[in-house]
Every structure is written in C-alpha cells, then in structure tokens.
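Nothing in this text is a laboratory measurement; each read-out follows from the coordinates by a stated rule. Note that this is a predicted model, so its numbers are computed, not measured. Ideal geometry is used to build each Cβ from the backbone, glycine not excepted, and the neighbour counts take in all protein chains shown.
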C-alpha cells in the first residue's frame with residue numbers, strides 16, 4: 001500500500017513517520033500529519049524541513065491529517081557516527097570499516113552489475129563532506145552535531161553504528177562512549193528531554209520513551 005493510499009480512518013492516531021527524502025514526500029508526510037526522518041547534506045535538509053513545516057501548519061486538523069493530536073512534529077535525519085580517540089583512529093579504524101560497510105550494503109546492486117544512483121560512497125571523507133557521516137574526536141563530533149542542530153531545522157537525530165568491520169570490543173567501546181558521555185552532550189545541543197538510550201543488536205541507540213513526548217535519537 002502506498003502512502004497516498006492510506007486513509008485517515010485506517011491509521012488514525014498512529015504516530016507514523018515518512019522516511020523518504022524529497023520535497024514532494026516531505027510535503028506529503030506533512031499533509032498526512034506524519035513525522036519525517038530524512039538524510040543528506042544539511043542544506044538539503046534545511047530546504048526539506050522548511051517545506052515540511054510550512055505544509056504541516058497548513059493542513060493540521062484537515063481530513064487528511066493522520067495525527068491531529070500532534071503538537072510538535074519530529075523532524076530528523078540519519079547519520080553514521082564514529083567517536084574516535086584521536087585522528088589516527090579515524091584513519092586506521094573508521095575509514096577502512098566504512099569502506100567495508102559500503103561494499104556490504106551495495107552487494108546486491110553489484111551482483112547485478114550496477115550501483116545505487118545516490119546515497120552511498122566508499123569514501124568516508126566524501127560521506128563526511130556531504131553530511132552522511134559524523135566522524136572525529138569527541139570535540140569534533142560535538143561541533144558537527146551543533147552545526148546540524150543550528151542549520152538543519154531538525155529536532156531529532158538518528159545515529160547509525162553500522163560499520164562494516166569493527167571488532168566487538170571496539171564496537172562496544174564506541175557505543176559506550178556515546179551512552180556514557182556523548183549522549184548527554186548531544187541531548188543538550190538538541191534540547192532533548194526525558195530519554196534513556198540502550199544499545200541494540202542492530203547497531204543503534206534505542207530510546208526508552210517516557211509517557212511525555214520527547215525528541216530523542218536512535
């Protein structure tokens with residue numbers, strides 16, 4: 001079933017989220033009263049979130065609105081993240097691991113002698129340049145999250161720990177660094193409230209939400 005085919009009566013009061021990335025889909029999600037999570041460079045996100053917020057105000061409470069009770073939409077983006085102890089760790093661990101991730105996720109495309117049109121690169125430097133990944137020391141990561149918060153128009157950040165080749169001990173250390181230190185810092189930057197995170201097998205941080213609404217990250 002396509003998003004446009006969903007009727008309000010079918011999913012009334014279910015907090016749906018639209019994950020596609022385009023101006024048209026952002027507007028469609030807004031007309032349906034859905035939350036939005038996208039990706040891509042900050043300038044693109046800024047344009048999409050502005051269009052989304054304009055549209056959601058216009059259609060709030062209309063017949064198409066699937067979440068008429070929604071007062072503050074969740075508008076976010078997905079980012080790979082790696083918090084390194086120093087620059088040498090980025091070069092020695094994160095960069096080759098990201099290349100393996102790329103080859104893993106594009107395997108089916110390559111099996112059929114093609115590649116995805118956009119969204120993936122084997123080069124970590126390119127991923128960081130286009131805001132696909134946030135990688136660096138704790139201070140550098142903080143600065144990048146601050147830039148994201150100030151410029152993107154988002155209030156929600158999904159942090160992906162999907163790296164193609166990192167030993168379990170180092171992966172646990174990476175997730176622990178975010179849970180123990182980075183989480184509070186990122187919450188402060190994004191003005192997040194009342195969220196508790198825990199590592200999940202899928203390689204993400206999953207919030208345990210309180211009954212009050214919170215802007216949180218996975």
Extending each Cα 7 Å along its Cβ direction at residue 54 and residue 24, get the distance between those two points in nm, one decimal. 1.8 nm
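Calculate, for residue 169 and residue 130, the FRET efficiency according to 1/(1 + (r/R0)^6) with r their C-beta to C-beta distance and R0 35 Å; round to the nearest 0.05. Don't skip to the end; give the middle numbers.
Details: r = 30 Å, r/R0 = 0.87.
E between residue 169 and residue 130, to the nearest 0.05, is 0.70.
Stretch residue 71-residue 150 to full length: gain in nm at 0.36 nm per residue minus the Cα-Cα span?
26.3 nm
What shape does the stretch 59-149 take by its C-alpha gyration tensor, where a ≥ b ≥ c are the square roots of the eigenvalues and a/c under 1.5 counts as rounded, a/b above b/c as prolate, and the rest as oblate? Kindly include the intermediate steps, with their values, before the conclusion.
Working: a/c = 3.66, a/b = 1.42, b/c = 2.58.
Oblate.
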Report the full-extension gain for the segment residue 143 to residue 120: residue separation times 0.36 nm, less the Cα-Cα distance, to one decimal in nm. 5.9 nm
Sticking to Cα atoms, compute the Rg of the stretch 105-158 to one decimal and its Dmax as the biggest Cα-Cα distance, whole number, in Å. 14.4, 42
